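Novice: Sharing a structure, written as structure tokens. Questions coming.
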Amino acid sequence: MPSNTLTIDADQRAALHRQVIQHLSGIGDVYVAYAQGEFADAERLGEGFAEDLQMLDDLGWAPVDPRDSFELRMPAEELTQTLARLRSEVEGGLDQPEERRARTEAEEIADHYRRTKRVCTELLAALGQAPAAS
């Protein structure tokens with residue numbers, strides 16, 4: 001039976017923290033969807049951002065945190081959803097990062113995506129969830 005909490009190390013935290021912060025940069029999309037009357041989209045987006053904010057409570061908000069380990073205390077179902085979403089986000093970025101970023105940034109971004117995908121996959125497995133085949 002999977003544990004109700006997961007403990008991650010500083011490297012895993014760095015990967016997740018960066019992706020959560022990157023995703024939060026689009027939080028204004030909730031307002032845009034709402035203003036356009038796309039309430040279901042606004043709600044879906046809002047739920048994702050709420051997950052990000054909850055995860056930041058566990059990861060710490062600062063870009064750098066001196067702790068060696070971090071306890072993810074989100075309920076298992078929410079953590080599973082969040083990790084699956086983060087994994088999916090970075091998976092798309094692995095396909096063709098050169099088209100989205102300058103060539104000099106592409107490999108660094110791809111490395112971040114690969115690391116975040118690996119962390120999410122490992123944590124989903126620890127929660128007893130097999131990620132969808134990719």
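Novice: Among helices (runs of 4 or more DSSP H) lying entirely in segment 33-134, which contain 1 or more residues that are modelled with pLDDT of 85 or more? Reasoning before the result, please.
Specialist: Numbers: elements: 39-59, 76-95, 97-100, 103-126.
Output list reads 39-59, 76-95, 103-126.
Novice: Among the residues of segment 12-37, which ones are of a type outside the set (A, V, I, L, M, F, W, C), farther than 26 Å from Thr121 by Cβ and either exposed (fewer than 15 other Cβ atoms within 10 Å of the Cβ) or in contact with a Cys (Cβ under 6 Å, 6 or more places away or on another chain) (or both)?
Specialist: Those that are of a type outside the set (A, V, I, L, M, F, W, C), farther than 26 Å from Thr121 by Cβ and either exposed (fewer than 15 other Cβ atoms within 10 Å of the Cβ) or in contact with a Cys (Cβ under 6 Å, 6 or more places away or on another chain) (or both): Gly28, Tyr31, Gln36, Gly37.
Novice: Here's a follow-up. Just wondering, is there one or more residues in segment 52-65 that are more than 16 Å from Val119 (Cβ to Cβ), surrounded by 12 or more Cβ atoms within 10 Å (Cβ to Cβ) and in contact with a Gly (Cβ under 8 Å, 6 or more places away or on another chain)?
Specialist: No, segment 52-65 contains no residue that is more than 16 Å from Val119 (Cβ to Cβ), surrounded by 12 or more Cβ atoms within 10 Å (Cβ to Cβ) and in contact with a Gly (Cβ under 8 Å, 6 or more places away or on another chain).
Novice: Give the residue that is nearest to Leu56 (Cα to Cα), with candidates limited to residues of segment 72-93 that are surrounded by fewer than 20 Cβ atoms within 10 Å (Cβ to Cβ) and among the charged types (D, E, K, R).
Specialist: Once the filter is applied, the top-ranked residue is Arg73.
The values are calculated or read from the model by the stated rules, or taken from the named source; none is laboratory data. Here the structure is a predicted model, which means the values were calculated and not measured. No Cβ is skipped: glycine too gets one built from the backbone with ideal geometry, and neighbour counts run over all protein chains shown.
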